[in-house]
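Accompanying notes for the structure given below.
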Amino acid sequence: MNSSLAAFTASITNSVNTAAAGTVIMEEKNAAGTVTCLSTDGTGNNVATNAATCATINKYGGSTTMVPGQTVSTTVTIKNTGTAAATSFTLAPGTCTQSGNVSGSATDFCAKLGIVITQTAGTTTSTITPASSSLTSLAAGGALTLAAPVAAGATVSFTFAVTLAASAGNTYQGLAASQPLVWTFTA
């Protein structure tokens, strides 16, 4: 004798169970939007290092004809082109280096260049540099904390106003200053 059993059954197969890491990629553009730098190395959005050098956007204006009391302003935008929000955002100034081709004898040119950096996030504009900052004191103050979080796809604008001190006399003629700036998103 053979017996058979009958039963009712039901099942659900979940075939799409995935997880993935987001990205935080920084894009910098000049005011005209004609020059773009990315934190990726430029090769197919490779985020292996996600740290690049941008030598094509000069935040200090690059003027070689400043006179005492003159201000040069430059605006840039920083955008999070990744998929995750940047929960912190900083700008770290490096050491200001003085150079020059003419025999200006002053040794404190970086201290004679005042700097005011303003940030516009949405409709809010704020000054992020301490009062009476120079390129020298900016470097000494360490990293500046910027408005965060910066959502994926969000853009923040920055204006750099550099002023040659009205008290800069003949000994400052022909001198130049250079200072690296490092933007950092952290998520």
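Descriptive notes on the structure:
- Remark on region 103-174: Rg and Dmax equal 15.6, 49 Å (Cα only).
- Solvent-accessible area per residue, Å², over the chain with all protein chains present [probe radius 1.4 Å]: 59 Å²
- Here the chain has an Rg and Dmax of 25.3, 116 Å, counting Cα atoms alone.
- Contour excess over end-to-end distance, with Cα ends at T95 and E27 and 0.36 nm allotted per residue: 22.1 nm
- Mean residue ellipticity at 222 nm, helices only, the chain: -500 deg cm²/dmol; runs of at least 4 DSSP H residues each add -39,500 (n - 2.57), and the sum is divided by the number of residues.
- Note on T65 and T124: their simple-model spin labels are 4.0 nm apart, each label 7 Å out from Cα toward Cβ.
- Annotation for T36 and A111: the two label points, set 7 Å from Cα along the Cα-Cβ direction, are 4.3 nm apart.
- Portion, in percent, of the accessible area of the chain that falls on carbon or sulfur, probe 1.4 Å: 53 percent
- Net charge dipole, the chain: roughly 140 debye, given to the nearest 20, about the Cα centre with Cβ charges of +1 for Lys and Arg and -1 for Asp and Glu.
The values are calculated or read from the model by the stated rules, or taken from the named source; none is laboratory data. Bear in mind the structure is a predicted one, so any value in this text is a computation, not a measurement. In this analysis, Cβ positions are derived from the backbone assuming ideal geometry, glycine residues included, and neighbour counts consider all displayed protein chains. To get the accessible areas, we keep the full protein, side chains included, count just its heavy atoms, and leave off ligands, DNA and RNA. Shrake-Rupley method; radii C 1.70, N 1.55, O 1.52, S 1.80 Å.
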